[in-house]
Every structure is written in structure tokens, then in C-alpha cells.
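Report on the structure given below.
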Amino acid sequence: MAEPCLQKEGDSGEFAESARHFGPGVMGDGKRFGVAGARVVIDWPNPPQYQEGVAVSRDGGESYTWSTIDGASLARSASFPTDSTWYVAAGWKFRDTLQGGRGNRTSRFGVVTGRVDGTENGGTRDEVGQIAKTVDGGQSWRILTTGTNAAGIESRVHCHCKFVYNSIDCWGEQHCCAVGDGDDGAAITCTTDGGEIWREVYRKDNIWQTEFVMSTIRFVSETEVWACGGDAVVTQPWFWHSTSSGAEGSWRMEAGTASLGSTLCTDLSFLSHTTGYAALSNGPQHIAGVASLGQGTPRTHYGNPKDGPCMSGESPTFLPPIRGSVCSPACSAPVSCPTDVPHGTTATPECVLNGDPPQACALVCDPSSPDGDASCPEGARCERVQLPRVGGLCFYPP
């Protein structure tokens, strides 16, 4: 008689890879979440049958419903932006093509923890990355991207060959980003149309004596995204940060400090816009730990309203016909504008908005200057305005 079960790590190499709550943002409702991974169906004396997919709970873990993704490689990560629309990132690095074997489940850094080495018995070593999507709560799935060494691109959407997707996260049904790595390096790939088109927005190529890996990606808000991994050769953690919704050209690479030791970042979790934690690991040396991301990104005035509520004393400000907004502190004749501006900003805080006399502050910039946009906070633009003695102001696009 067949006996299905969702096994934990260590049981025949099958285990749950990652758990994520339902909905966007850093906190869920405490009840709905899903786990990406594998299930094994045992029907003695027949060989075990392996199923990749997700197990979903809607009652805080008291019970689970399993959904199999037919045709998927190893399910490594899932995102659940709505109650019925889910995405799964998948990939295997070893498979036995001659014997029809399922291949090794490997760690995110290629350390074998599974059953059969795909190079034995004449098998091949492939890295296959996939992203799958369901819009009906797991009743049916569609593979959006796939690729193999031999066939190259096998999909109408962007994909990688010899590339494994390790993690995926979404802010809403349409906007998702996935990270992974392969022989040539690590990359971030995003979609803004629900998975129909995927574009590589960042790539870190391997060069001499480097092997970059990316293990996880997390949206903190609609515009702020973090990813992490590291250099597996020197065993150094690295972090990637975007405040422009993960758009191409917006990613900044930041090295982990020496206090993190010889580790790689394996996962990220955020409690808020300013508080995050990173899981660190060095498998060969049996080292594991947790580190905070500094003290978080300090909040300042003149931020993006889409990143969360404006600071106390600020309000979201719009100035038609400009399509955009900014958090504007209140001001008056005896109250000057706050001077704590986002990092790297050179635009000048001045009391210029909302009437005569003005009652709200904004960052004044020069739209005719080649450095106009660069003087504004990251992600904002220097927009031309029709105000007395003011040529332009910094606004975040919608």
C-alpha cells in the first residue's frame, strides 16, 4: 500500500527547503504559510516515488495540503503573494539520466546531501533551473522557465542554462524576483508581468578564484529588496540591496564585515524596514550563526511613501502634474526643515511646498544639471516644477 509522507531533513535525503507566509511584506497573519520541498511515496517493494511541490497550511501548522508540481526539478523556495497565486523556484545540480534517477538533493552551495551522484553509472551532471506558477491554489501548475546543458533555452521566456534558482519572492501577483547561481556566476532575475517575461537585472560573474552564489531574496517593501549569498571560494558573505524594486542598475553589492567570519549567508528575515537578520553557515567547518544587518537602514526624512508610513511630522506629498510623491516634513517660519536626508543625497532641504507661505519641506535640485537625478535620494528623480525660486524637486516615481 502506498504511504505518502513529507519527510524532514535526513530521511533518504528528502527535506523541506523553505517556509514562507502568505501575502507580501515582512509579516504574515500567523495562520497561512507554505513549505517548498519534496514528498516521497513509499509503495514497497517498488522504488520510492519522489514528488516536488509545496505543503500549505491555513491553520497555523495544524494541518497541511500537498500540491505536486509535475515536471519540476528540486523545489527549493516558494512565494505566496495571494491566497491562490504561488510561485516556486526549483533546480537540481546532479541527476542520473540513464537510470531515470531523481538525482541528488544538494545544499544551496553544492554540498551533496542526497542519494545518488549523477555522474555514477554513466549519468550526467546538469544544472537545471525552473520557476513554476499556479493561479488556482495548487490545483494546476505551469513551468515558466527551464533550461538544460544540451538544449539551451527551452522556454519562450528568459532562462539560464547550467543555472539553479535557489530562492524567489514576490510583492503582489505581478512583481517577483528570483536568485540563483551556476557555473558562470550568480544572478537576479525579475518579472513585472506575472511571469510572462523574466529579465536578468543583475549578474555577478565568476572570475579567477571566485565562485559567487546567491541563496535568498526578500522584498521588504514594494521598492526595497535584499538578496544574499557570498563567495564560496574564500567563504565570505555578500549582500545585495535595491531600493528601486529590484530594477536593473539599482543593485548595490555590500561585503559582510570581518565579524561574520568565514561564512556564507543562507537566508534573510526582516521584522521591519530597518530591522533584518541573516542566517550564516560554513558547512565544512560546522559553523552556523545569525547576524543582524548592522542596525538596519536608518530611517530619514524625505523617504519614499511606498516604502512604508512616513516619519512622524511628515505626510505623503503630491504635486500635479508630476507623477510621483515624497514624504514631506511640515515647516513654518519658526520651524526649519530637517536636514537628515537619505544616504548619498546632495539636494537641499527647503520649505517650499503647500502654499504661500510654504508649509512643507522638499529636496530642491537642479533639473537642468547632468547631476540633477544623482543629487536626489536613490530611486528618486529631479522633476522640473513651477514654483518661485525653485527649479526642481526630488520625487519618487509611482
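Points worth noting:
- Of all residues in region 306-342, those that are of a type in the set (F, W, Y) and in contact with a helix residue (DSSP H, G or I) (Cβ under 7 Å, 6 or more places away or on another chain) total 0.
- Residues in region 345-398 that are part of a strand (DSSP E or B) and without any contact (Cβ under 8 Å) to a residue 12 or more places away in the chain: Q386 only.
- When residues in region 178-226 are screened for being of a type in the set (A, V, I, L, M), surrounded by 17 or more Cβ atoms within 10 Å (Cβ to Cβ) and over 18 Å from A90 (Cβ atoms), 3 of them pass.
- Residue count for region 358-375, restricted to those that are polar (S, T, N, Q) and either open to solvent by 70 Å² or more (accessible area, probe 1.4 Å) or under 15 Å from S325 (Cα atoms) (or both): 2
- For region 54-75, the set of residues classified as at pLDDT 90 or above and polar (S, T, N, Q) consists of S57, S63, T65, S67, T68, listed by residue number.
- Residues that are surrounded by 14 or more Cβ atoms within 10 Å (Cβ to Cβ) and outside any strand (DSSP E or B) were ranked within region 49-72; the one that is farthest from the chain's Cα centre (by Cα) is Y64.
- For region 205-231, residues that are under 19 Å from P398 (Cβ atoms) and part of a strand (DSSP E or B) total 2.
The values are calculated or read from the model by the stated rules, or taken from the named source; none is laboratory data. Nothing here was measured: the structure is a model prediction, and the numbers come from that model. All Cβ positions, glycine included, derive from the backbone under ideal geometry; neighbour counts span all protein chains shown. All accessible areas refer to the heavy atoms of the entire protein, side chains included, with ligands and DNA or RNA removed. Shrake-Rupley method; radii C 1.70, N 1.55, O 1.52, S 1.80 Å.
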